[in-house]
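**Student:** I'd like to ask some things about the structure below.
Readers should treat all values here as calculations from the given coordinates under stated rules, not as data from a laboratory. Just so you know, these numbers come straight off a predicted model, no measurement behind them. Ideal geometry is used to build each Cβ from the backbone, glycine not excepted, and the neighbour counts take in all protein chains shown.
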Amino acid sequence: MAAGVTGRLWEMGDVVDVLDALEAKRKRAVKADFEVERWKIGGGFYARATLADGTIDRIEGFATEGDAGRWIKNESVVWLHERRQVKSAVINRAGYLLLCCVQLIMSRNRSNFNFN
C-alpha cells in the first residue's frame, strides 16, 4: 500500500490464501497426455508429454516406437510424480521468498510510524 503497488493492505492470512490457491492449482494440473513421436532427422523416437497447463516436454532416447510406448505405460506416472515434486519445491521456495518480502515490508513500515 505504502509502496504504491496496491491499494489494499495485505495481512498474513491473505498471503497464506494465495499460497493455498497456488498449491491447489498445482495439484489439479498434474495430468498429461503422452504421444510417441519419431525424430524427423537422425532416427529414433521420443515421448511427448503435453501437460494440463499447455507445457510440452520431450522424454528422449528411445530406439524404437515400442520402447517409447512401454515407457509411457510403465514409467510416465513416476516421471509426473518427480516433476510435480520439483515444481512443488520451486513453488514452496517462491512462497517462502514472498513471505520474507512481506515481513520485510511490514517491519520497515512499522519503523516509519511514530506512536508517541
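**Student:** Considering only the other residues whose Cβ falls under 12 Å of the Cβ of Glu35, what net charge follows from Lys and Arg at +1 and Asp and Glu at -1? Mind showing how you got there, number by number?
**Tutor:** Values: positive: Arg38, Arg48, Arg58; negative: Asp33, Glu37, Asp57, Glu65.
Around Glu35, the surrounding residues sum to -1.
**Student:** Sort 31-40, 66-75 by the packing proxy (mean of other Cβ within 10 Å over each peptide's residues), most packed first.
**Tutor:** On the way: 31-40: 12.8, 66-75: 14.8.
The most tightly packed comes first, giving 66-75, 31-40.
**Student:** Students often check this: by mean Cβ neighbours within 10 Å, which of 16-23, 43-50 ranks highest, and how do the rest follow?
**Tutor:** Final packing ranking: 43-50, 16-23.
**Student:** Give me the net charge for the shell around Ala49: Cβ to Cβ below 13 angstrom, other residues only, Lys and Arg +1, Asp and Glu -1.
**Tutor:** For residues surrounding Ala49, the net value is -3.
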